[in-house]
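Derivation of every value follows stated rules applied to the coordinates shown; laboratory data play no part. Please read all numbers here as calculations on a predicted model, not as lab measurements. Note that we place each Cβ from the backbone using ideal geometry, even for glycine, and neighbour counts take in every protein chain shown.
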Amino acid sequence: MISQFFVLSQRGDNIVFRDYRGEVQKGSTETFFRKVKFWKEDGQEEAQAPPVFNVDGVNYFHVKVAGLLFVATTRVNVSPSLVLELLQRIARVIKDYLGVLSEDSLRKNFVLVYELLDEVIDFGYVQTTSTEVLKSYIFNEPIAVDAARLPPLGPAAIFMQGSKRMPGTAVTKSVIANEPAGRKREEIFVDIIEKISVTFSSSGYILTSEIDGTIQMKSYLSGNPEIRVALNEELNIGRGGRSLYGNYRSSAGSGAVVLDDCNFHESVRLDSFDMDRTLTLVPPDGEFPVMNYRMTQEFRPPFRVTALIEEAGNLKAEVIIKVRAEFSSSITANTIVVQMPLPKYTTREIVGGSENTLRAKLSFSQESHGNITKESGPVSMTFTIPMYNASGLQVIKS
Amino acid sequence: MAPPGQAQRSPSPSQPSGKGEVSDLKAQLRQLAGSRAPGVDDSKRDLFKKVISYMTVGIDVSSVFGEMVMCSATSDIVLKKMCYLYVGNYAKGNPDLALLTINFLQRDCKDEDPMIRGLALRSLCSLRVANLVEYLVGPLGSGLRDGNSYVRTVAVIGILKLYHISAVTCIDADFPAMLKRLMLNDPDTQVIANCLAALQEIWTLEASNSEEASREREALLSKPLIYYFLNRIKEFSEWAQSLVLELVAKYVPSDNNEIFDIMNLLEDRLQHANGAVVLATIKVFLQLTLSMNDVHQQVYERIKAPLLTLVSSGSPEQSYAVLSHLHLLVMRAPILFSSDYKHFYCQYNEPFYVKKLKLEMLTAVANESNTYEIVTELCEYAANVDIPMARESIRAVGKIALQQYDVNAIVDRLLQFLEMEKDYVTAETLVLVKDLLRKYPQWSQDCIAVVGNISSKNVQEPKAKAALIWMLGEYSQDMHDAPYILESLIENWEDEHSSEVRLHLLTAVMKCFFKRPPETQKALGDALAAGLADFHQDVHDRALFYYRLLQYNVTVAERVVNPPKQAVSVFADTQSSEIKDRIFDEFNSLSVVYQKPSYMFTDKEHRGPFEFSDELGNLSIGADAADTVVPAHQVDANDKDLLLSTSETEKEDGRALSSNGSAYSAPLYDAPASVPASQIQSDLVNLTSGLSGHVPAASLAIDDLLGLGLSVTPAPAPSPPSLSLNPKAVLDPGTFQQKWRQLPISLTQ
C-alpha cells in the first residue's frame, strides 16, 4: 500500500499531490527531489538515482514519463514491482484521459487528474486502473492542449523514456473527448513495436541478437465488441531445448517465428491459441500492450553498421561509419540517428538514408595515447521503419 | 487557470504570493455561496479549481474552509468532488470546522445516486478527526449493506480508516467480524480484496494485544480460505491477485499433491504482463517447494523465461525491480544461470543502476566454460567513457579472477589495464592486483614486473595508493626501487591526507627494513618520527607500537611484521547467509531491491501485514546466543544443498521448515484446518439470515468455498471437510506432475 502520490515537473514543482494515509511528513516532495537531483553513490557524483530508495524510513518510488516524475511514497515494505507498475499505469490512464501527457496538459487538467487519483487508489490500496471502469466516475471534461506544440518524440523516446508508446502518428485523443460532429469514430489502433539489440564483431559477425517486442493496442470502439487477433500460423513459443543461444540454425529459413517467451494483457484469452494462434479479447478502452515477447531466434537485422577508425598521428584520426540498409527498396526508414561516443572530445550525430557513409576527421587538442579505437563506441542507432519488423511477427487480421 | 508554478519560491510581482489572493478568493466564494443565479456553478468551479491549485503547490488555503462548505450545497458532482478533496485535506487541522461538513456528508451518504453515496462516505472517513468518529459508525454500517458494490468497496476501506482513527470504536462496532462475513460472501471481487487488505492490517495490528485477533490472522492462512481465494483468482483484478498471491505464499500445504495442484492452478499467472503478479506467483512457487529439492530447482528453470521477458519489456524502472529479483536468484544459485550469461550483458543506454546489477550477475555466473567470453565483454566496458561503469567492470574482472582456478588469462588482462595509463583504471587495477597476490602469491613475479613500472606520482586515490604501498612492502626484495620509493613517499608525509595510506606506509617500511636493512634504515627512522608526531590516533599508536617493538627485540619484531603468510583461500563474504535467507523469505518486497532484510529499514509499526519478523527476529537472536553452531550450519547447508543435492529429501523437510519456514512456524502449521473451517461454517450460517437479501450470490460463494451445499448443519465435523481446487487448471494433476519431473535441468553435476 502506498502513502502518497505526486507528480513533479522537471524543475521539481508540485503538479499534483495526493496524500492517502497521512503517514509521511509533508516535506516529502522536496526531500525526494533533492535526493534525485543530487544523487551520489560511493562518493561518485552524477550517478542516476535508482527508481527506489529509502530516506529516513520513507521509501520513494519513481518513474519518469514524458519528462515528468511520477512518485509514490510508503513506510511499509511493499512489492517494488507493484508500485512501479502502478505508477506507470497511472501515467497511462492519465494519458488516456488527457490525450496528451505533458506538464502543460496536467496543469490544465489537474482537477480531472484528482478525480482519477481518487478512484484509482483508496487509503493506499489500488482499486482499479482500468480506463474503462474509471469512465463512469469521471465528470470533468478534458481541456485539450495543442498536440502540435509538443516537442516531437523521437522514435528513441519509445524505449529510452519509459513506457513504449506509439511512434510518429501517436494518437492524442482523449478516450472521453467528444468529436466535433457529435458522433464518435469507431477506431482501433494496433501496432507492433520492436526493439532490436544486435552486437556485431569487428568482422561483421553477429555476436548477440535479441528482439523485445510488444503488440500495442489503443481502442476507441464503443460497445466493447470481442476482437480476435490472429498471429502467424507458424508461431512457436519456447525454444524447446535449454540453450537460448547457439541453436539458431534449427529454425532459420523455415519461415516459422520462434519466440523465446511472451506474456499477455489480462483481457487476453488464450482458449484457441494452441489451435490457431489466435488471441481473443474484449479490448478495454485506452492504450495497453496486448502481448510482450522476446526472441533470440536468428533474424536479419535491418541495418548493418560498420565503423572504422584510422589514427593519423597523435593529433588526428578519421572515423568512417557505413550504414547499409538490408531491407527491400520499396520501404524507407526515417528519423534515423546514429550516435557514437568518442573519448571526451565530442559527440556527433548524423542522419542517414538507405546507404550512407560518414567520414569524420577528428583533431585533438591534446596528445592521445593510442587508445582511441578502444574508447570509442559502441555505435548505436535508432530509427523508425513503418510497416516493417525484424521478427517477422504479424497480426494477420483482427 | 494553470496553477502558479513556483508560487512559493519566487514571489515575483507576476506570481501570486498567496495571502492577497486567498482573501480575494474568500470574498468571491462568499458572494457565490447563497446565489442561485444561472451559471453560478461554472463560476464556483473556477474558484474551486483555484483553491485546489493553491493547495497543490502548498499555499495554505484553510482560511476559506467555511466558504467552501457553504458553497458545497449543490448538485454539481464536479463541485462536490473538489469540495470533498479540499475538506479531506484540511479537516484534520481544523476539527471544529470539520464538524460543519458532517451534516452535508451524512446527507449525501443517503443520496439515491450510489456514486454520491460512495463519494460522501469516502470523504466522511477521510476527515481523520478523532472526535467525529461517532458520526462514522452508522453510515459505515449501512455502507457495508449497500446494494451497490461501489459503495461497499468504499465502506470496507472506510472501516480500515476508522480503525486508524479510533481502533476501539471500530472493534466495539464489531466491524472486523462484518468484514470477514463480507469477504466470504460478496459477489464483487474488489469488495473481497478490500476486506482481505483491511482485515490483514487490522488483525496484524491487533494481534499484539488480542489473542483472538492473532488467531483470526492465522485463520486467514487456513486451507478453506486459501482455496476460496485460489478458486476465484482470475476474477480478481491484477492488483488484487497480487494481494491474494502474497497470502498464498504464506500457506503451508499438507502434502506434495496439494503443492502441485496449487502450482498447476497458478502456472498461467507466470504469463501475466504485470510484473507484480508474476513475481508474486514466483514467490508462491519458491515458498511451496522449499521442502522439495528437485522441484525447487525446476522452479528456477521454469521462471527464467518469464523473468527475462519482464526485464526486457516495460520501462527501465520496471525492469530494475524485476532484475533485482533475478539478481537475488542468480546469487543464490549461480550455477543454474551459467548458460544464460549473455542476457546479463549490459546495453549501452541502460542506466547505471541496471548495469551494476548485471555486472554482479555476470561475476556470479562465471565458470570454467564461460569465463573467457564474460571477461572479454567486461574488458570492453572497462574502456568505457563512463567512468563509474569502467571502474565497476574492472572490479568485476578482479572478482572473477579471485573465484577462478585458472586465472592465467585474467591476470594478463588486468595487467593490460595498467598499460591504458588512465588514472582511475590504474587505481582500480592496483587494488585488485593486491587482492590477487594475497590469494595467488605465485603470480608475484609477473605482477611485480608491471607494478614496478608505475610511477607512484600517478596514483592518487587512497585505496590504490595503499595497495601500491602494500605491494612495495610485501615484495620489497623483488622490487629494486622499493626502499627509495618508500623513502620519497615518507618525505611527503605531511602532504599525505589519508590516514589509511600513512598506516600502510608505516607497515611497508617496517617490512622493507627487515628485508633490506641498510637501504631502509633512514626511511624507517623518518617514518617512525613522523608517525609519532602524527595527529591521527591510529597512526600515532602504530608508530609507537613499532618503535617499542623494535626497542624490545628485533627478532620478535620481525616475526610480528613479516610472519610466514598463507595465501587467502576465500575472501569473507560481506553478508551472512542468515541475512541472505531473510531476504529470500521476503521475496517480492523492497528487501530484495535494497539487499537488506526489512527490519533494517522499516519501523516496527510499518512492517506490514503478515510480517512475522518481530517474533522471528527475537527467536533467531535467542537461538544465536544459545547455540551459535547450529543455526550457522543450518543456514549454510540450506544455501548450498537446497539447490544442488537431490537425494536428501528426508533431512531437508525438517530443516527447510526450521530455517526458511520459520516465519510461519510449527504451531500455525500443525493447527488442523478444522478449527477455522468450522468457524467459517457457522459464520456462513449466521450470515445467510442477515445478508442474503443484499447479496443474492452468497449461496454460490458457500458452495464454492466448501464444496458443500447449504444444507450442512453447523454441527462440529469430526474431520475437516474435504476441500478441492476447482479443475480450472490447464493440465490434470498427473500430467502436470509428470511435466515438472521432466523439465530439463542445466545442472551437470
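So here's what we get for this one:
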item	result
Exposure proxy order (Cβ contacts within 10 Å, fewest to most) of A:Asp56, B:Asp423, A:Asp212	A:Asp56, B:Asp423, A:Asp212
Inter-site label distance for B:Ile335 and A:Ser329 at 7 Å from Cα along Cβ, in nm	5.8 nm
Residue exposure sequence - B:Leu279, B:Leu162, A:Leu87 - by fewest surrounding Cβ within 10 Å	B:Leu162, A:Leu87, B:Leu279
Nearest-0.05 FRET efficiency for B:Lys463 and A:Lys26, computed from C-beta distance (R0 56 Å)	0.85
B:Tyr348-B:Ala567 FRET efficiency (beta carbon distance; Förster radius 30 Å; 0.05 resolution)	0.20
Size descriptor, Kirkwood hydrodynamic radius, that averages inverse alpha-carbon separations across region A:1-125, Å	14.7 Å
Environment charge at B:Asn458 (Cβ cut-off 9 Å; Lys +1, Arg +1, Asp -1, Glu -1)	-1
Region A:1-74 - percent relative contact order, Cα under 8 Å, separation 6 or more	36 percent
Sequence-distant lysines (8 or more away, or on other chains) whose Cα lies within less than 25 Å of B:Lys580	B:Lys250, B:Lys283, B:Lys304, B:Lys355, B:Lys356, B:Lys358, B:Lys399, B:Lys596, B:Lys604, B:Lys640, B:Lys651
Cross-link partners of A:Lys173 among lysines (Cα-Cα below 20 Å; sequence separation of 8 or more within a chain)	A:Lys95, A:Lys108, A:Lys135, A:Lys164, A:Lys184, A:Lys218
Formal net charge of residues neighbouring B:Ser591 (Cβ-Cβ distance under 9 Å; K, R +1; D, E -1)	0
Note, ³J(HN,Hα) from phi for region B:456-468, Karplus 6.51, -1.76, 1.60, rounded to Hz, x at Gly and Pro	5, 5, 8, 10, 10, 5, x, 4, 5, 4, 4, 5, 4
Rounded to whole Hz, the Karplus (6.51, -1.76, 1.60) HN-Hα couplings of region B:357-364, x for glycine and proline	4, 5, 4, 5, 5, 4, 4, 5
Counted charge near B:Tyr348, where neighbours are those whose Cβ lies closer than 10 Å (Asp, Glu -1; Lys, Arg +1)	-1
A:Glu226-B:Asp42 pseudo-label distance in nm [points 7 Å out on the Cα-to-Cβ vector]	4.6 nm
Exposure proxy ranking, count of Cβ atoms within 10 Å, fewest first, for A:Ile237, B:Ile202	A:Ile237, B:Ile202
FRET efficiency, 1/(1 + (r/R0)^6) with R0 51 Å, evaluated for A:Val282 and B:Asp111 via beta carbons	0.95
